1. Report, by residue number, each residue of segment 53-88 that is surrounded by fewer than 21 Cβ atoms within 10 Å (Cβ to Cβ) and either on the phi > 0 side of the Ramachandran plot or small (Gly, Ala, Ser) (or both).
2. Looking at Leu249, Leu298, which one is at pLDDT below 95 and farther than 18 Å from Pro199 by Cβ?
3. Look at Lys259 and say whether it is modelled with pLDDT of 95 or more, charged (D, E, K, R), under 17 Å from Ile14 (Cβ atoms) and surrounded by fewer than 18 Cβ atoms within 10 Å (Cβ to Cβ).
4. Taking the condition farther than 24 Å from His18 by Cα, among the basic types (Lys, Arg), surrounded by fewer than 19 Cβ atoms within 10 Å (Cβ to Cβ) and modelled with pLDDT of 95 or more, does Lys266 pass?
5. Among Leu173, Leu138, which is surrounded by fewer than 16 Cβ atoms within 10 Å (Cβ to Cβ), closer than 27 Å to Thr247 by Cα and of a type outside the set (Gly, Ala, Ser)?
6. Given the options Gly165, Gly171, Gly205, Gly192, name the one that is within 19 Å of the chain's Cα centre (by Cα) and either of a type in the set (Phe, Trp, Tyr) or within 24 Å of Leu261 (Cα to Cα) (or both).
7. Name the residues in segment 62-98 that are within 23 Å of Gly165 (Cβ to Cβ), of a type in the set (Val, Ile, Thr) and not in a helix (DSSP H, G or I), would you?
Amino acid sequence: MEPAIITGLGTAIITPFHPDESVDHASLKKLVEAQIAGGVDFLVACGSTGEASTLTEDETDAVIATVIEAATGRIPVVAGCTHNSTREAVARAQRIAKIKGLSGILTANPYYNKPTQQGQYLHFKAIADAVAPLPVLLYNIPGRTAANLLPETVVRLAELPNVIGIKESSGNLAQIGELLAIKPASFAVFSGDDYLALPIVAGGGVGLISVASNVAPKEVKAVVTAALSGNREAASEAASKVHALNTVLFAEPNPAPTKALLAAMKIAAGDTLRLPMLPVGDKTRESLHKIATELHLL
């Protein structure tokens with residue numbers, strides 16, 4: 001079987017919980033349907049937005065399996081798999097890779113340890129080798145991990161046959177621009193930040209892995225489609241429509257605002273999070289309602 005094509009708009013989907021903090025698989029299936037109806041190109045389950053760090057191994061497997069089952073092969077599903085211990089990350093990646101229907105894994109910098117570039121290279125290589133030929137997307141998010149994956153290290157990793165791309169969430173446009181200039185032509189660079197989708201795609205990126213598309217898939221897809229087509233005017237207009245939404249979705253730590261809005265939209269049954277994450281405050285909730293009303297999301 002040929003690997004799935006992973007490009008365009010991907011949604012880093014939330015993991016809905018019941019009030020008792022058990023996984024709400026019914027809401028998760030409903031969210032997947034809303035995403036596909038909204039035109040997203042692929043889904044990322046159990047990433048940062050999916051509160052992966054609070055899920056047990058069994059819960060992680062079950063969430064990924066539910067997303068794959070709900071997607072029914074209509075779009076690719078990528079699973080988050082990150083750990084600061086390389087040995088543990090490899091074991092988890094090998095376990096997840098066995099889930100039938102999975103299109104790839106997304107793995108972030110090893111957090112807390114603050115490894116060197118060579119340490120990161122060997123960490124990611126071990127994971128990629130362990131799951132080959134399953135496609136691997138790197139995930140550079142130094143704001144959460146305290147480790148930054150530099151362009152020259154990414155290019156070395158791109159030589160591995162199943163390392164197909166990166167979700168770049170460093171927020172450093174100069175660094176991302178350097179990567180876009182020196183990367184292999186076939187290596188995919190995704191914006192990991194909604195607000196940087198336009199400059200990254202304009203520089204040669206292939207799309208966006210989005211938080212905002214959880215609640216506004218059609219609107220965010222319009223941004224990505226226009227950007228990829230090179231229609232700057234349409235892309236700018238589409239981006240301006242979701243600018244305020246992007247701002248309020250990060251008024252409090254992700255994914256609390258997104259969960260609150262999905263609950264208000266009746267896509268998720270509630271906005272429960274697991275500690276140390278907390279539901280949004282009244283001020284953010286009011287801002288979310290205002291923006292959602294303006295965008296006709298409610």
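The values are calculated or read from the model by the stated rules, or taken from the named source; none is laboratory data. Only a predicted model underlies this, so the values are computations on that prediction, with no experimental measurement involved. We place every Cβ from the backbone using ideal geometry, glycine too, and count neighbours over all the protein chains shown.
1. Ser53, Ala62, Ala65, Ala70, Thr72, Gly73, Ser85
2. After applying the criteria, what remains is Leu298.
3. no
4. no
5. Leu173
6. The conditions single out Gly192.
7. Selection gives Ile75, Val77, Val78, Thr82.
Residue-by-condition table, conditions (1) part of a loop (DSSP other than H, G, I, E, B); (2) within 24 Å of Ser170 (Cβ to Cβ); (3) free of Cβ contacts under 8 Å to residues at least 24 places away in the same chain:
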{"site": "Glu233", "(1), (2), (3)": "no, no, yes"}
{"site": "Glu252", "(1), (2), (3)": "yes, yes, no"}
{"site": "Leu261", "(1), (2), (3)": "no, no, no"}
{"site": "Ile267", "(1), (2), (3)": "yes, no, no"}
{"site": "Arg274", "(1), (2), (3)": "yes, no, no"}
